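Colleague: The structure is given below, and queries will be raised subsequently.
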Amino acid sequence: MEKIAVTINGRICEGIRDQSVLSLAMENGIYIPALCYHPEVASSGGSCRVCLVEAHQGGSMRIVTSCNYPVREGLEIKTDTELVKKIRKGILELLMARVPDSDVIREMAAKDGITETRFFKDEEADSRGKCIACSVCTLVCEEVVGVCAISMLNRSREKSPGTPYHKASNACIGCGACAYACPTGAISMVDTGDKRIIWDKEFRMVKCSVCGAPYIPEAQVDWIVKTTGKDRSFFDKCPSHR
Ligand code: SF4
Ligand code: FES
């Protein structure tokens, strides 16, 4: 793999060709706000715009989204200039108006000293909940889990993830990967006793034979056994007691 030296905020960081600027910054402990990027999903990123940075190369400067901008030799990145902060302020304020219920966005904005938005609350905000329509949940379901139980429904401001016709999906295995991956905590997943409810479907959970804790949906075990050939008895114990 070709090693590439990139300067981020004056520090030389070594990445590999085509790695994103955001992932290189994360590896080096440099904070860049990000919402719609997921490290396991190659096609994620590019929609929320909060990760923008200044990219300097060959005497010119561009504002780019760091989650999908590849590192190149000689690239110099600045994450916190006055220009970056000014543009990011507008983006965060728009997100606050669009998704006023999101603690994640409010806390992210507060790190930049932003506590209020100049924009009116979006008309669709109540029905949207905390969702920013970034598609990370659907991409994780399809590309990481391999199930395709949910997809992005509707268009433009009404775009949101859901099961086909908003009915309980036969494809869903209740794994919760979508809920864990969602950057704003927009997906409801309720675990009560040995039951889990997600996307309006109830799942029975397998209990660990050692500690008795319910820890994985039976439907997820069925899926893993079917797709990988793993022995079902492997799931008798939770990860802490294997
Ligand atoms: S539910 Fe979460 S992951 Fe899915 S589109 Fe909305 S914000 Fe993105
Ligand atoms: S994290 Fe880069 S555009 Fe959302």
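The values are calculated or read from the model by the stated rules, or taken from the named source; none is laboratory data. Bear in mind the structure is a predicted one, so any value in this text is a computation, not a measurement. Here the Cβ is made from the backbone with ideal geometry for all residues, glycine too, and neighbour counts use every protein chain on show.
Colleague: With the condition being within 13 Å of ligand 1 (Cβ to nearest atom), I'd like the strands (runs of 3 or more DSSP E) fully within segment 96-214 carrying at least 3 qualifying residues.
Modeller: Values: elements: 151-153, 160-162, 189-192, 195-198, 201-207.
Output list reads 151-153, 160-162.
Colleague: While we're looking at this one, here's another question. From the list 127, 102, which residue is buried (at least 17 other Cβ atoms within 10 Å of the Cβ), under 22 Å from the mean Cα position of the chain (by Cα) and polar (S, T, N, Q)?
Modeller: On the way: 127 fails: buried (at least 17 other Cβ atoms within 10 Å of the Cβ).
Of the residues listed, the single one that is buried (at least 17 other Cβ atoms within 10 Å of the Cβ), under 22 Å from the mean Cα position of the chain (by Cα) and polar (S, T, N, Q) is 102.
Colleague: Looking at segment 207-223, is at least one residue over 21 Å from the mean Cα position of the chain (by Cα), without any contact (Cβ under 8 Å) to a residue 12 or more places away in the chain and surrounded by 14 or more Cβ atoms within 10 Å (Cβ to Cβ)?
Modeller: no
Colleague: Still on this structure, please answer the following. Could you check segment 1-21 and list, in sequence order, the residues that are assigned to a strand (DSSP E or B) and either of a type in the set (Asp, Glu) or closer than 23 Å to residue 184 by Cβ (or both)?
Modeller: Here is the first cut: in segment 1-21, the ones assigned to a strand (DSSP E or B) are 3-8, 11-16, 20.
Within segment 1-21, 14, 20 qualify.
Colleague: Also, quick follow-up: Criterion first (surrounded by fewer than 20 Cβ atoms within 10 Å (Cβ to Cβ), modelled with pLDDT of 95 or more, of a type in the set (S, T, N, Q) and not assigned by TED's automatic domain parsing to the domain that holds residue 215) does residue 163 satisfy it?
Modeller: Working: surrounded by fewer than 20 Cβ atoms within 10 Å (Cβ to Cβ): yes; modelled with pLDDT of 95 or more: yes; of a type in the set (S, T, N, Q): yes; not assigned by TED's automatic domain parsing to the domain that holds residue 215: no.
It is false that residue 163 is surrounded by fewer than 20 Cβ atoms within 10 Å (Cβ to Cβ), modelled with pLDDT of 95 or more, of a type in the set (S, T, N, Q) and not assigned by TED's automatic domain parsing to the domain that holds residue 215.
Colleague: Does segment 47-87 hold any residues that are charged (D, E, K, R), touching a helix residue (DSSP H, G or I) at 6+ places or on another chain (Cβ under 9 Å) and more than 16 Å from residue 8 (Cα to Cα), and which are they?
Modeller: Hit for segment 47-87 is 49, nothing else.
Colleague: Of everything in segment 27-46 that's within 11 Å of ligand 2 (Cβ to nearest atom) and more than 11 Å from the chain's Cα centre (by Cα), which residue is nearest to residue 134 (Cα to Cα)?
Modeller: Filtering first and then ranking leaves 46.
Colleague: Can you tell me how many residues within segment 88-111 are touching a residue at least 60 places away in the same chain (Cβ under 8 Å) and farther than 11 Å from residue 130 by Cα?
Modeller: Selection size over segment 88-111: 2.
Colleague: Pairs needed: first member in segment 161-177, in contact (Cβ under 8 Å) with a residue 60 or more places away in the chain; second member anywhere, outside any loop (DSSP other than H, G, I, E, B) and surrounded by 23 or more Cβ atoms within 10 Å (Cβ to Cβ); C-beta distance under 7 Å; at least 6 residues apart or different chains.
Modeller: none
Colleague: Yes or no: segment 63-77 includes at least one residue that is surrounded by fewer than 19 Cβ atoms within 10 Å (Cβ to Cβ), closer than 30 Å to residue 106 by Cβ and either more than 13 Å from ligand 2 (Cβ to nearest atom) or free of Cβ contacts under 8 Å to residues at least 24 places away in the same chain (or both). Give the steps one after another, and end with the answer.
Modeller: Taking segment 63-77 as the starting set, the residues that turn out to be surrounded by fewer than 19 Cβ atoms within 10 Å (Cβ to Cβ) are 63-64, 68, 70, 72-74, 76.
If we keep only those that are closer than 30 Å to residue 106 by Cβ too, we end up with 63-64, 68.
After this cut, where a residue has to be either more than 13 Å from ligand 2 (Cβ to nearest atom) or free of Cβ contacts under 8 Å to residues at least 24 places away in the same chain (or both) as well, the list is none.
No, every residue in segment 63-77 fails to be surrounded by fewer than 19 Cβ atoms within 10 Å (Cβ to Cβ), closer than 30 Å to residue 106 by Cβ and either more than 13 Å from ligand 2 (Cβ to nearest atom) or free of Cβ contacts under 8 Å to residues at least 24 places away in the same chain (or both).
Colleague: Considering segment 17-57 alone, what residues qualify as being modelled with pLDDT under 95 and of a type in the set (A, V, I, L, M)?
Modeller: Residues satisfying the conditions are 41, 42.
Colleague: Here is a follow-up. In segment 177-215, what residues are out of contact with any Pro (no Cβ under 8 Å at 6 or more places or on another chain), hydroxyl-bearing (Ser, Thr, Tyr) and more than 16 Å from ligand 2 (Cβ to nearest atom)?
Modeller: 180, 188, 192, 209
Colleague: Out of segment 181-206, which residues are in contact (Cβ under 8 Å) with a residue 12 or more places away in the chain and of a type in the set (Ser, Thr, Tyr)?
Modeller: Matches in segment 181-206: 184 only.
Colleague: Could you look through segment 219-236, keep only residues that are in a helix (DSSP H, G or I) and among the small types (Gly, Ala, Ser), and pick out the one that is farthest from residue 208 (Cα to Cα)?
Modeller: Start the filter on segment 219-236 by keeping residues that are in a helix (DSSP H, G or I), which leaves 219-228, 232-236.
Now drop any that are not among the small types (Gly, Ala, Ser), which leaves 219, 233.
Values: 219: 15, 233: 11 Å.
By that ranking, first place goes to 219.
Colleague: Another question, if that's okay. What pairs can you find where one residue is in segment 128-149 and closer than 13 Å to residue 186 by Cα, the other is surrounded by fewer than 20 Cβ atoms within 10 Å (Cβ to Cβ) and among the acidic types (Asp, Glu), and their Cβ atoms are less than 7 Å apart, with a gap of 6+ or different chains?
Modeller: Once the first residue is closer than 13 Å to residue 186 by Cα and sits in segment 128-149, its partners that are surrounded by fewer than 20 Cβ atoms within 10 Å (Cβ to Cβ) and among the acidic types (Asp, Glu) give 129/101; 130/101.
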